[in-house]
Amino acid sequence: MPLVSHIRIRLFLDDDNAFGPGKADLLEHIRREGSISAAARAMGMSYRKAWLLVETMNRCFQAPLVVAAKGGNGGGGAELTQQAEAVLAAYRDMQRQVDVIVARHLRRINRM
């Protein structure tokens, strides 16, 4: 039985968990669903938790990652900024590269 099967990368800014796998997934759901509330529902997460995650991301980066429109008659919505698309792509690329390196080392460690 392997000791470890994977590694999850989390990026911190001081004490804030600025970005990680859950936030990356949330951004992808916001892109697909067009709103924070729909993204939260799709992920089985409360709207409040999703909103807090978005607020943390927006605070930790130089430019907001998600812009939201207020609700009302036409409804609200949210979309990813160009900054979010760049952060998400860089994070997913970094995770893929780390997975390759870690898998090679874990094969060796798990044989011990």
Kindly write out, for region 89-99 in residue order, the coupling ³J(HN,Hα) from the Karplus curve 6.51 cos²θ - 1.76 cosθ + 1.60 (θ = phi - 60°), rounded to whole Hz, with x marking Gly and Pro.
5, 5, 5, 4, 5, 4, 4, 4, 5, 5, 4
Among ALA86, SER46, GLY20, whose Cα sits farthest toward the positive end of the charge dipole of region 17-95 (+1 at Cβ of Lys/Arg, -1 at Cβ of Asp/Glu, about the Cα centre)?
SER46
Please give the peptides 36-46, 101-111, 9-19 ranked by average Cβ packing (other Cβ atoms within 10 Å per residue), highest first, as a rough proxy for protection.
36-46, 9-19, 101-111
Magnitude of the charge dipole, region 17-95, Cβ model with Lys/Arg +1 and Asp/Glu -1, debye to 20
260
For region 11-17, in order, what is each residue's ³J(HN,Hα) by Karplus, 6.51 cos²θ - 1.76 cosθ + 1.60 with θ = phi - 60°, in whole Hz (x at glycine and Pro)?
9, 10, 10, 6, 8, 7, 7
Sorted by chain and then number, the residues having a modelled amide H within less than 5 Å of the amide H of LEU11, at least 5 places away or on another chain, are ALA18, PHE19, GLY20
Taking amide hydrogens as modeled 1.01 Å from N in the peptide plane, which residues meet the under 5 Å criterion relative to ALA78, leaving out close sequence neighbours?
SER35, ILE36, ALA69
Please list 3J(HN,Hα) in residue order for region 38-45, calculated via the Karplus relation 6.51 cos²θ - 1.76 cosθ + 1.60 where θ = phi - 60°; whole Hz, with x for glycine and proline.
5, 5, 4, 4, 4, 9, x, 10
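Throughout, read-outs are computed from the coordinates displayed, never taken from laboratory work. Owing to the predicted nature of the structure, the values given are computational and were not obtained by experimental measurement. As a convention, Cβ positions derive from the backbone with ideal geometry for all residues, glycine included, and neighbour counts pool all protein chains shown.
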